[in-house]
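Dumping the structure here so I can ask a few things about it.
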Amino acid sequence: MNNHTNNDNVTVRTIDLVQKGLARRYKSEKRFKMIGLCAIIFSLLCLAGLFVSISGSGYTAFLQTKIELDVFLDPSVLNPNNLSGADFHGLVKRSFYNMFPEVKDRREKKKLFSLLSSGATYDLTDFVKANPGKIGETILLWVPADDDVDMLIKGHMNRDLPESERRLDDVQVSWITRLEKQAKIEKKFNTTFFTAGDSREPELAGIWGATCGSFYTLFITLVLSFPIGVAAAVYLEEFARKNRFTDVIEVNINNLAAVPSIVFGLLGLAVFLNFLGLPRSSSLVGGLVLSLMTLPTIIIAGRAALKSVPPSIREAALGVGASKTQMVAHHVLPLAMPGILTGTIIGMARALGETAPLLMIGMVAFIVDIPAGFTDPSTVLPVQIFLWADSPERAFMEKTSAAIMVLLLFLVVMNSAAVFLRKKYEQRW
Amino acid sequence: MKKVLLNVWVLVFIMGVGYVHAKSRDYISIVGSSTVYPFATVVAETFGKTTKFKTPKIESTGSGGGHKLFGSGVGVQYPDITNSSRRIKKSEVEKAAANGINEIVEVKIGYDGIVIANSKKAALMDLSVKDLFLALAASVPNPDGTPTVVPNPYKTWKSINAKLPEIAVEVLGPPPTSGTRDAFVELVMDEGGKKFDFINAMEKTDKKQFKTICRTIREDGAYIEAGENDNLIVQKLEANPNALGIFGFSFLDQNIDKIQGSSIDGVQPVFEAIANGSYPVSRPLLFYVKKAHVDQIPGIREFLKEFTSEKAWGSEGYLTDKGLIPMSADERKKYYDIANNLIPLNPSDL
């Protein structure tokens, strides 16, 4: 009895002890969860801040201020048989001056004409070449305005400041106000931004050249690093004996994955440009350098994916008489493919955002023409962002943000594809 | 699918090998100074749009990097033109000659002013090169007047010069790799140092010591290296009205609603003052052409013609809209002749 009471006492005491500590333990669990939640909220806030600030300053770049010109396609200026030699520049000038007949002074005329972008001439040239039948008629053509006008219309230049403190003087602003009243100046969707190459005139600059360059570069990267990476992963995981030699290789691959990317650029400069003599600034060399950088990522992801295929699959295949090659090609590799592809896409996304190694091989350059092949000089999206961020013209600031938005969109698409592939094809054992 | 992939792979590899045997290049390749870059790119773009030639490719490598690439040899894999915000050095000409480049054409395109600017929210500063030297050098003449140097003790502008405001010395400027920094130390720090007799005397007796005193910028936080991005400096000046920034004139020109250029030795950095040479901190901008490439790469002659035309570099030309300070008509004439007749540089002129 005594013993029993004693025992009871002990039990009661244990429960008491547990209950006493329970509140504290619940609290600490709650705290732990809160810390985790805070970390997530903090990173989401940072991300949201980044997106809001970038899109806030970049969305205006998708619109471009344009001015409507009445152009009389004078047959005495435009000879249909020799359009290349025609004075389109003079035609644009005359048409624009006609809208402001009171401007006579030479200096004033120059100030007036500076409201139009130099792209106006190219637009008119393209229009006439596409429609030679319109010569002799008067046409209405929307041509791009100068970047300073664009900034004023978009509100990045303050009209209330004294004349000396803005890039357009009072007369020019009054001309713009007049155009606004006549509805001859308007913000329109900026197709140039998506179809043109780089330019030093913000209103004529576009990201198509850089996008093409990125495409060619990534194509080379994928075509080289994917087969080599998968082959290396398969060999190391399925065929190689585990000895000191493969250990050394493994350490080296892991090491390479952590090497700063600029080092690959230096290697590319020494090997591909100086030794092999491949063309500088080309997407071919860019792709080669980036595939060196992506290879370790793909090999590591590939090996992890192969490792996650259970040994029973291999044993079953070998058991029914498949050769080792058949076992790998027919069973293990297809099962590991979603994992390998995920790793590849993540590696490619990293390659898409890379600039440092490209600096060394001359891809940080001003290139206007759209690259048409792997050996043409080209640049890539992140380099374009870098170059615009460094340009003095104010209007390039919004272009920079807009280009970042496009790059982020590509990255989001690629990373979602990786998540999608994993969700869709992943096998659970 | 696998076969297609393999074929593509082999194709790309063969293509790569094919290009080992360097083929000809049909566009002009330009490297060099980031200060000349905004002007050269405008000319290149106009050239590409108005002629049958392709648009030249321009890399911004810095003046030193440009001369190194330019001087590595003759052939399509080497650049045809290098931009420079300083004259080519004798050592660079010699190195180029060792690599088979004997004829280099030197063309000056105009001038660039270096401005010391602050936010419009603050008062305009009236500085002298001596003030700037005392504010930025790592070691300065002893304030008690003895001809010795001491580590820079000045914390505020007022302590340097009584008519300057009582605000802390805080200057944002380019890092040592930049050509703007080279020009700044040469034009401001050297000149500021020479205002002290014993340092001025040192230039003749102990040139090395002179350079150490004048060209070492203080590292106690008063001078902040803000990277090569001048836009960033402009933004930081806007946020911090007490700071001054050092950068090229074109950035002041594009941001006159936000920042103002301090006057130096009583002269404000305006277009006319830099053009006529009264503003003390300006430097020439140049480019160098490899004569051996002229008839190998299509379009070089025409590109030179475009660059040296009045509508580009003239006093009303499109380069002045981008902030280039044009040369006098005589100088333009001189360099027009050099560029269009491809008169090579005489190394003994350096």
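Among the candidates A:Ser199, A:Ser225, single out the residue that is of a type outside the set (Val, Ile, Thr), within 11 Å of another protein chain (Cβ to nearest Cβ), touching a residue at least 12 places away in the same chain (Cβ under 8 Å) and outside any helix (DSSP H, G or I).
Result of the check over A:Ser199, A:Ser225: A:Ser199.
Can you give me the number of residues within the range B:38-59 that are free of Cβ contacts under 8 Å to residues at least 60 places away in the same chain and facing chain A (nearest Cβ under 7 Å)?
Number satisfying all stated conditions: 8.
Would you check if there is a residue in the range B:125-141 being within 14 Å of chain A (Cβ to nearest Cβ) and surrounded by fewer than 17 Cβ atoms within 10 Å (Cβ to Cβ)?
no
Continuing with this model, one more query. Tell me, please, whether a residue that is touching a residue at least 24 places away in the same chain (Cβ under 8 Å), part of a helix (DSSP H, G or I) and under 15 Å from the mean Cα position of the chain (by Cα) can be found in the range A:419-429.
no
A further question on this structure: Output the number of residues of the range A:178-187 satisfying the condition of being in a helix (DSSP H, G or I) and loosely packed, with under 13 Cβ neighbours inside 10 Å.
The qualifying residues number 2.
Still on this structure, please answer the following. Scan the range A:123-130 and give yes if some residue there is among the small types (Gly, Ala, Ser) and within 22 Å of A:Phe189 (Cβ to Cβ), otherwise no.
yes
Only one of B:Lys158, B:Lys130 is in contact with a helix residue (DSSP H, G or I) (Cβ under 8 Å, 6 or more places away or on another chain), in a helix (DSSP H, G or I) and not hydrophobic (A, V, I, L, M, F, W, C). Can you tell me which?
It is B:Lys130.
While we're here: Criterion first (surrounded by 17 or more Cβ atoms within 10 Å (Cβ to Cβ) and either within 30 Å of A:Thr217 (Cβ to Cβ) or touching a Pro at 6+ places or on another chain (Cβ under 7 Å) (or both)) does A:Pro334 satisfy it?
no
Tell me which residues, restricted to the range B:242-298, are in a helix (DSSP H, G or I), crowded, with 18+ Cβ neighbours inside 10 Å and not assigned by TED's automatic domain parsing to the domain that holds B:Pro344.
B:Phe249, B:Ser250, B:Phe251, B:Leu252, B:Asp253, B:Gln254, B:Ala273, B:Ile274, B:Ala275
Would you mind finding the one in B:Lys68, B:Lys95, B:Lys90 that is within 21 Å of the chain's Cα centre (by Cα) and over 14 Å from B:Val31 (Cα atoms)?
Only one candidate qualifies: B:Lys90.
Give the residues of the range B:8-52 that are modelled with pLDDT of 90 or more, touching a helix residue (DSSP H, G or I) at 6+ places or on another chain (Cβ under 6 Å) and in a helix (DSSP H, G or I), sorted by residue number.
Scanning the range B:8-52 gives B:Phe39, B:Val43, B:Phe47.
Considering the range A:204-222 alone, what residues qualify as being under 30 Å from A:Val149 (Cβ atoms) and more than 13 Å from chain B (Cβ to nearest Cβ)?
A:Ile207, A:Trp208, A:Ala210, A:Thr211, A:Cys212
Are there helices (runs of 4 or more DSSP H) fully within the range A:83-143 with at least 1 residues that are under 17 Å from A:Ser174 (Cα atoms) and without any contact (Cβ under 8 Å) to a residue 60 or more places away in the chain? List them.
Where helices (runs of 4 or more DSSP H) fall fully within the range A:83-143 and carry at least 1 residues being under 17 Å from A:Ser174 (Cα atoms) and without any contact (Cβ under 8 Å) to a residue 60 or more places away in the chain, they are A:88-99, A:106-113.
Follow-up question, since we're still on this one. Might you check whether a residue that is buried (at least 16 other Cβ atoms within 10 Å of the Cβ), in contact with a Ser or Thr (Cβ under 7 Å, 6 or more places away or on another chain) and modelled with pLDDT of 85 or more occurs anywhere in the range B:226-235?
No, the range B:226-235 contains no residue that is buried (at least 16 other Cβ atoms within 10 Å of the Cβ), in contact with a Ser or Thr (Cβ under 7 Å, 6 or more places away or on another chain) and modelled with pLDDT of 85 or more.
Still on this structure, I have one more. Taking the condition more than 30 Å from B:Arg25 (Cβ to Cβ), assigned to a helix (DSSP H, G or I) and without any contact (Cβ under 8 Å) to a residue 60 or more places away in the chain, does A:Ala304 pass?
Against the criterion (more than 30 Å from B:Arg25 (Cβ to Cβ), assigned to a helix (DSSP H, G or I) and without any contact (Cβ under 8 Å) to a residue 60 or more places away in the chain), A:Ala304 qualifies.
I'd like to check something: does the range A:245-253 contain any residue that is more than 12 Å from every other protein chain (Cβ to nearest Cβ) and outside any helix (DSSP H, G or I)?
No, the conditions are met nowhere in the range A:245-253.
On the basis of being more than 22 Å from A:Gln64 (Cα to Cα) and within 13 Å of chain B (Cβ to nearest Cβ), does A:Glu108 make the cut?
Taking the combined requirement at face value, the residue does not satisfy it.
The values are calculated or read from the model by the stated rules, or taken from the named source; none is laboratory data. If you're wondering where the values come from, they're calculated on a predicted model, not measured in any experiment. All Cβ positions, glycine included, derive from the backbone under ideal geometry; neighbour counts span all protein chains shown.
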